[in-house]
Amino acid sequence: MLHVTEAVFERTRRLAWSLRRNRPVRLAYGALTLIPTLLSCNHGARASSDRPSRTATSMNVYSTPIKTLEGETTNLDRFAGEVTLLVNVASYCGNTPQYSGLEALNARFKDRGFTVLGFPSNDFGRQEPGTPAEIREFCSTKYKVTFPLFEKVQTKNGDGQSPLYAKLGEASGKLPTWNFAKYLVGRDGHVIQYFDPKTQPDDPKLVAAVEQALAVPK
């Protein structure tokens, strides 16, 4: 949409008056002189709207510092350009068998640029009490998990909340209500959709959302 300044409006009004007085030559000339002004206004508005906002940058999940399960400092920027599913996981929960479905989902789409990211959490029912070594052993032996696992986090609001989950909650308007809540994140690092803990990894709506996200060009 063109953004017309007061000066442009005044010139347009004068041209209309000229038309009423049958001065076609001046009218044609005046209309031509208006074109650069209008284009300049539109270009300025477009340039302004093209600038990335500070809010958009802060909502990029992939810019968040994090630690691996073994405690090594890293961040998620290596997943930039990919689609990810971030899940708060636990070893002793009624939803723990979802590990199998998450591994299958990861295997199904990994060659297309998709990765499941697991974040152990002891927030709900104290169902993830293990050490990093115990968590790794459990996931590897019982569920053959190959997707990345990161440090144990606090997902709930309050002191000690993970910066990552603070960002996920702000971006989606929702925080996990139990273990195995899921956030689908697009190639640009922005949250696409939240799925509650009871949503199975092979749920058609979740699978369709993953496929739709993967269809977006890098």
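The values are calculated or read from the model by the stated rules, or taken from the named source; none is laboratory data. Please read these numbers as outputs of a predicted model, since none were measured by experiment. For neighbour counting, all protein chains shown are included, and Cβ atoms are generated from backbone atoms with ideal geometry for every residue, glycine included.
For this structure, a couple of remarks:
Every residue, every condition in (1) touching a Gly at 6+ places or on another chain (Cβ under 8 Å); (2) in a helix (DSSP H, G or I); (3) in the same structural domain as V191 (by TED's automatic domain parsing); (4) farther than 29 Å from A213 by Cα, yes or no:
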site: V87; (1), (2), (3), (4): yes, no, yes, no
site: L105; (1), (2), (3), (4): no, yes, yes, no
site: D111; (1), (2), (3), (4): no, yes, yes, no
site: F119; (1), (2), (3), (4): no, no, yes, no
site: Q127; (1), (2), (3), (4): no, no, yes, yes
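- Qualifying residue in the range 75-84 (condition: exposed (fewer than 13 other Cβ atoms within 10 Å of the Cβ), over 27 Å from K218 (Cβ atoms) and either at pLDDT 95 or above or not hydroxyl-bearing (S, T, Y) (or both)): no
- Conditions (1) assigned to a loop (DSSP other than H, G, I, E, B); (2) over 23 Å from E70 (Cβ atoms): number failed by D123: (2)
Residue by residue, here is whether (1) within 19 Å of S91 (Cβ to Cβ); (2) at pLDDT below 95; (3) of a type in the set (S, T, Y) holds:
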position	(1), (2), (3)
I135	yes, no, no
T141	yes, no, yes
V145	yes, no, no
P148	yes, no, no
K152	yes, no, no
Q161	no, no, no
E170	no, no, no
G173	no, no, no
A181	yes, no, no
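- Criterion: touching a Ser or Thr at 6+ places or on another chain (Cβ under 7 Å), assigned to a loop (DSSP other than H, G, I, E, B) and in contact (Cβ under 8 Å) with a residue 60 or more places away in the chain - qualifying residue of T96, T155: T155
- Among the residues of the range 171-215, those that are under 11 Å from the mean Cα position of the chain (by Cα) and part of a helix (DSSP H, G or I) comprise A171, S172, A213.
- Residues of the range 165-178 that turn out to be of a type outside the set (G, A, S), touching a residue at least 60 places away in the same chain (Cβ under 8 Å) and touching a strand residue (DSSP E or B) at 6+ places or on another chain (Cβ under 6 Å), as a count: 2
- Set S140, S63, S91: member being small (G, A, S) and surrounded by 15 or more Cβ atoms within 10 Å (Cβ to Cβ): S91
- Every residue from the range 155-186 that is of a type in the set (V, I, T) and exposed (fewer than 15 other Cβ atoms within 10 Å of the Cβ): T177
- Meets criteria (assigned by TED's automatic domain parsing to the domain that holds P97 and surrounded by 20 or more Cβ atoms within 10 Å (Cβ to Cβ)) for Y194: no
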